[in-house]
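Engineer: For reference, the structure I am asking about is given below.
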Amino acid sequence: MKSPDHDSCKRRNRMRLKLSLTTLLAALVLPLDAALAEPVRFVTIDYKPYALHDDPKGRHGLLVDINTAIAERAELAITDSVLPITRVVKNLAHNVSDCGVFLLTTVTEQEYIPVAKILDRFETIIVTRPGLGISKIEDLRDQRLALPRGSFEGSSVLDDPKIELFYTNNTEQGVHLLQAGRVDAVAGTSLSLLFQFSVENMGQNEIGEIFTYERQEMWLQCAKNQLPDETIAKLRKATDSLRMEGAFDTLIKRYIPDIFS
């Protein structure tokens with residue numbers, strides 16, 4: 001006959017085994033749950049060089065690079081949809097996308113969560129043909145200016161009848177007009193214009209002056225009421241650390257030639 005102590009020992013051993021298996025399963029399952037968590041859905045404007053397709057140098061685009069760097073630092077899985085600007089806005093509004101990197105304005109501050117600053121200075125510039133000086137917008141009177149369609153809304157540039165405007169579908173068209181002598185100046189973001197100059201192998205001797213029209217901040221922004229507070233906190237911490245380390249400035253140098261930087 002088995003003693004009561006023997007039976008008690010067996011029960012304790014079974015309990016220890018059960019607890020060990022439970023602990024082991026928990027250790028295996030928790031990382032798996034984290035891996036299977038829904039990815040953060042980024043969305044990026046389909047405009048050079050924010051996103052690039054089949055780039056000869058293998059670059060994916062500045063904002064695509066920034067999104068990837070933030071995700072890796074935050075240890076978060078993401079998807080990144082490259083879409084026209086109208087779809088970007090629509091997807092963020094209809095819970096199809098969660099976050100994007102774009103200019104911080106009074107409108108975006110109301111519509112989205114301003115998670116973290118990417119760049120202190122993101123400039124809109126006007127570049128003239130050789131020989132044409134510019135220190136103020138009025139210097140463009142009686143001149144021909146190419147600018148992307150839909151840009152400069154609410155600015156004096158659009159309201160001045162003495163400035164002849166040529167609307168383009170993208171920065172590439174504007175630079176080609178400047179090259180051909182069909183316009184006297186071209187407007188756009190510094191990143192897009194200087195990138196296109198490098199694609200066209202244009203140097204400083206082939207342009208006139210670079211006039212800074214506007215400076216704004218570039219931020220990571222996310223739709224409201226879609227992501228957990230914990231995820232927002234991880235994105236903020238990752239973005240802040242990358243910015244302070246100068247990682248975003250390093251990425252920009254991949255898209256702007258040294259001659260203009």
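The values are calculated or read from the model by the stated rules, or taken from the named source; none is laboratory data. Computed from a predicted structure; not experimentally measured. Cβ placement follows ideal geometry from the backbone for every residue including glycine, while neighbour counts extend to all protein chains displayed. Accessible surface is based on the protein model in full, side chains and every heavy atom, while ligands, DNA and RNA are left aside. Shrake-Rupley method; radii C 1.70, N 1.55, O 1.52, S 1.80 Å.
Engineer: Between Val82, Val88, which is part of a strand (DSSP E or B) and hydrophobic (A, V, I, L, M, F, W, C)?
Structural biologist: Every option except Val82 fails the conditions.
Engineer: Please note which helices (runs of 4 or more DSSP H) are completely contained in segment 153-211 and include at least 1 residues that are touching a Pro at 6+ places or on another chain (Cβ under 9 Å).
Structural biologist: Hits in segment 153-211: 171-179, 190-199.
Engineer: Here are some residues: Thr86, Thr124, Thr79. Which one is within 29 Å of Ala146 (Cα to Cα), among the polar types (S, T, N, Q) and open to solvent by 40 Å² or more (accessible area, probe 1.4 Å)?
Structural biologist: Answer to the selection: Thr86.
Engineer: Given the conditions (1) open to solvent by 40 Å² or more (accessible area, probe 1.4 Å); (2) of a type in the set (Asp, Glu); (3) closer than 17 Å to Cys222 by Cα; (4) modelled with pLDDT of 95 or more, which single one is not true for Asp98?
Structural biologist: Of (1) open to solvent by 40 Å² or more (accessible area, probe 1.4 Å); (2) of a type in the set (Asp, Glu); (3) closer than 17 Å to Cys222 by Cα; (4) modelled with pLDDT of 95 or more, only one is false for Asp98: (1).
Engineer: Another one. Restrict the check to segment 171-179 and report whether at least one residue is small (Gly, Ala, Ser) and buried (at least 21 other Cβ atoms within 10 Å of the Cβ).
Structural biologist: Checked against the condition, which is being small (Gly, Ala, Ser) and buried (at least 21 other Cβ atoms within 10 Å of the Cβ), segment 171-179 yields at least one hit.
Engineer: Ok, one more. Could you give me the residue pairs with C-beta distances under 7 Å whose first residue belongs to segment 242-255 and is farther than 14 Å from Pro49 by Cα, whose second residue is of a type outside the set (A, V, I, L, M, F, W, C) and open to solvent by 20 Å² or more (accessible area, probe 1.4 Å) wherever it lies, and which are 6+ apart or on separate chains?
Structural biologist: So the pair list comes out as Leu242/Arg73; Arg243/Lys117.
Engineer: When Glu109 is evaluated against the numbered criteria (1) exposed (fewer than 12 other Cβ atoms within 10 Å of the Cβ); (2) at pLDDT below 95; (3) of a type in the set (D, E, K, R), which criterion, by number, is the only one it fails?
Structural biologist: Answer for Glu109: the failing condition is (1).
Engineer: Output the residue which, of all residues in segment 180-214 that are closer than 24 Å to Ala51 by Cα and among the polar types (S, T, N, Q), is most open to solvent (accessible area, probe 1.4 Å).
Structural biologist: My answer is Asn201.
Engineer: Something else now. Could you figure out which of (1) within 30 Å of Thr239 (Cβ to Cβ); (2) at pLDDT 95 or above; (3) surrounded by 16 or more Cβ atoms within 10 Å (Cβ to Cβ) isn't true of Glu217?
Structural biologist: Among (1) within 30 Å of Thr239 (Cβ to Cβ); (2) at pLDDT 95 or above; (3) surrounded by 16 or more Cβ atoms within 10 Å (Cβ to Cβ), the lone unmet condition for Glu217 is (3).
Engineer: In addition: Report, by residue number, each residue of segment 62-75 that is in contact with a Ser or Thr (Cβ under 7 Å, 6 or more places away or on another chain) and either surrounded by fewer than 19 Cβ atoms within 10 Å (Cβ to Cβ) or not in a helix (DSSP H, G or I) (or both).
Structural biologist: Arg73, the sole residue that qualifies.
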